[in-house]
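Notes follow the structure.
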Amino acid sequence: MDVVVAGSHGLIGSALVADLVARGDGVRRLVRRGAAPSADTTGPAPGVRDLEWDPRTGELDPAALEGADAVVNLAGAGIGDHRWTAAYKQTLVGSRTTTTSLLARTIARLDTPPVLVNGSAIGAYGDRGDEVLTEASGRGEDFLAGLVEAWENATAPATEAGGRVVWLRTGLVLAPSGGALGRLLPLLRLGVGGPLGSGRQWWSWITLADEVAAIRHVIGAQDVRGPVNAVAPEPTTNRVVTRALAQALHRPAVLTVPRFALRVAVGEFAGDLVASQRVVPGVLARTGFAWAHTSPQEAARWVVDEVSAPR
């Protein structure tokens, strides 16, 4: 395959690029014009080309996408990187809609449009308690749900031009570093972590390895388009996920983090950390996707093994 990746230096993007390269696929990374140089001074790996673009000014040479099998768009400011001030909310939305719209418009100009696998999130559904949520479920009404709606709507030019577009609605990504676990794992290692809020809220999660595999899967599944829930087959409560991670680390997980403490620490984002989203992966299951990690215990062991693996 030949895959264009936007947002290639993030948690999922960097793992995807490494996986594609390891499989012998061609990778074109879209790099922002004028961006600070990477700490990696060795340059792209064999099979990887870096191509400049500038979403702020709408600059993207269609030749950068010409002949590709897929465009995977994972670009966007980090949800949990900063407190949600009014200005940062604008950054969260703008960083997604601007890049997505430019990619979709450019794809629409191509004679043979590649599939667009666009980043999205289960935040689309909002806080829904014990309700089982599928790809056909309605949208929520909070900030994240609105962000996801704008993000997905920005792909419209590609769809209207007859292209295949997938919205990969990703759940909590369990990874050895970065992402939501980037703050939780160090606390668990010290034995001072535990459930967030009541711990009874549903967490729909996926390991980083399965997230990358899901992206490859939807690229190849020609009948898949629209929303795809990228989560493990069985959603689990926050308490169960946290305890599985603690057990894999051989640490206790008896301390709870009250909702008010989360609010003090991270602001409005705390509401989404304790939101309940019981999401099931109907499309992935229907199209024969095979998960490597189906239980929180398997996922926790994988995370801990990856942390301790020699590099």
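Could you please give the count of residues in segment 45-63 that are surrounded by fewer than 19 Cβ atoms within 10 Å (Cβ to Cβ) and either touching a residue at least 24 places away in the same chain (Cβ under 8 Å) or in contact with a Lys or Arg (Cβ under 6 Å, 6 or more places away or on another chain) (or both)?
13
Quick grid of which residues meet (1) open to solvent by 10 Å² or more (accessible area, probe 1.4 Å); (2) over 20 Å from Val166 (Cα atoms); (3) in contact (Cβ under 8 Å) with a residue 12 or more places away in the chain:
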{"residue": "Leu187", "(1), (2), (3)": "yes, yes, no"}
{"residue": "Gly193", "(1), (2), (3)": "no, yes, yes"}
{"residue": "Leu196", "(1), (2), (3)": "yes, yes, yes"}
{"residue": "Gly199", "(1), (2), (3)": "no, yes, yes"}
{"residue": "Trp202", "(1), (2), (3)": "yes, yes, yes"}
{"residue": "Arg216", "(1), (2), (3)": "yes, no, yes"}
{"residue": "Ala221", "(1), (2), (3)": "yes, no, yes"}
{"residue": "Val224", "(1), (2), (3)": "no, no, yes"}
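Counting only residues that are modelled with pLDDT under 65 and among the β-branched types (Val, Ile, Thr), how many does segment 264-282 have?
Adding up the residues that qualify gives 2.
Being closer than 18 Å to Ala75 by Cα and surrounded by fewer than 16 Cβ atoms within 10 Å (Cβ to Cβ) is the filter here, so list the residues in segment 151-177 that pass it.
Answer for segment 151-177, where residues must be closer than 18 Å to Ala75 by Cα and surrounded by fewer than 16 Cβ atoms within 10 Å (Cβ to Cβ): Asn153, Ala156.
Just to be sure, is Arg128 outside any loop (DSSP other than H, G, I, E, B) and out of contact with any Gly (no Cβ under 6 Å at 6 or more places or on another chain)?
No; evaluated as a whole, the condition is false for this residue.
Answer yes or no: is there a residue in segment 86-109 that is part of a strand (DSSP E or B), touching a residue at least 40 places away in the same chain (Cβ under 8 Å) and buried (at least 16 other Cβ atoms within 10 Å of the Cβ).
No - not one qualifying residue is present in segment 86-109.
In segment 134-150, how many residues are among the basic types (Lys, Arg) and crowded, with 16+ Cβ neighbours inside 10 Å?
As a first pass, look at segment 134-150 and keep what is among the basic types (Lys, Arg): 139.
Within this subset, residues satisfying the condition of being crowded, with 16+ Cβ neighbours inside 10 Å are none.
Residues that pass the stated criteria total 0.
For Val117, only one of the following conditions fails: (1) open to solvent by less than 10 Å² (accessible area, probe 1.4 Å); (2) assigned to a loop (DSSP other than H, G, I, E, B). What is its number?
Every listed condition holds for Val117 apart from (2).
Quick one: Ala285 ticks every box in (1) open to solvent by 20 Å² or more (accessible area, probe 1.4 Å); (2) modelled with pLDDT under 90 bar one, so which box is it?
(2) is the only condition that Ala285 fails.
For Thr97, which of the numbered conditions (1) within 19 Å of the chain's Cα centre (by Cα); (2) modelled with pLDDT under 95 fails to hold?
(2)
Please determine whether any residue of segment 136-159 is more than 20 Å from Ala299 (Cα to Cα), part of a loop (DSSP other than H, G, I, E, B) and among the hydrophobic types (A, V, I, L, M, F, W, C). I'd like the intermediate steps shown before the answer.
Of the residues in segment 136-159, the ones more than 20 Å from Ala299 (Cα to Cα) are 136-159.
If we keep only those that are part of a loop (DSSP other than H, G, I, E, B) as well, we get 136-142, 154-155.
Now restrict to residues that are among the hydrophobic types (A, V, I, L, M, F, W, C): 136, 154.
Yes - at least one qualifying residue is present in segment 136-159.
The values are calculated or read from the model by the stated rules, or taken from the named source; none is laboratory data. These numbers were taken from a predicted model, which means no experiment stands behind them. A quick note on method: Cβ atoms are made from the backbone with ideal geometry, for glycine too, and the neighbour counts reach across all protein chains shown. Quick note on the areas: whole protein, heavy atoms, side chains included, nothing else; ligands and nucleic acids left out. Shrake-Rupley method; radii C 1.70, N 1.55, O 1.52, S 1.80 Å.
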